[in-house]
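All of the numbers you see were taken from the coordinates with simple rules; none came from a lab. Computed from a predicted structure; not experimentally measured. Backbone-built Cβ (ideal geometry, glycine too); neighbour counts: all protein chains shown.
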Amino acid sequence: MNTNYLIPANSKKSLLIFSMFTWFDLILFGSGLAITILLLMILNPTSIWLAIIDLLPAVITGFLVMPIPNYHNTLTLIKDLYTFFTTRQKFIWKGWCVSDEFKEQK
C-alpha cells in the first residue's frame, strides 16, 4: 500500500479567505479602516496634511496585508527578515549525503 501523496503547491490557498487572507489579516486591515474612519470623523480634515494623517492607518495596514510573491504578505516578509537577522545564523544541515556525526558508534 502506497501512503506517499503528492500535495500540490497551492493546496493551502483553500484555507485562506478569498485565497489570499487569513483571519488575522482581515482583522488587522479592518482595525486600520476603523481607526481611519474614526479619525476622519473626529479630525474633519481641512488640509492635505491632516487628510494624509487620517488615512495613514488604512494605508499602513493595507500595505502589511498586501500579497507579494513567494511570501503570504508583506507582514510575513517583515517577520521573516526580522527573524533572519535577529536569531542564530548557524544552520544545521542533515541530508542523505551527509554522515551523521551525532549517531552513536557501535
Q: Add +1 for every Lys or Arg and -1 for every Asp or Glu among the other residues with Cβ under 15 Å from the Cβ of THR86, and state the total.
A: +2
Q | Other-chain or far-sequence residues with amide H under 5 Å of LEU16's (modelled H) | A | none
Q: Return the sequence-ordered ³J(HN,Hα) values of segment 18-24 in whole Hz as given by the Karplus equation 6.51 cos²θ - 1.76 cosθ + 1.60 applied to θ = phi - 60°, using x for Gly and Pro.
A: 6, 6, 9, 10, 9, 4, 4
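Rank by packing, highest mean first: peptides 31-40, 77-86, with packing defined as the count of other Cβ atoms within 10 Å averaged across residues.
Taking the mean over residues of other Cβ atoms within 10 Å, the ranking is 31-40, 77-86.
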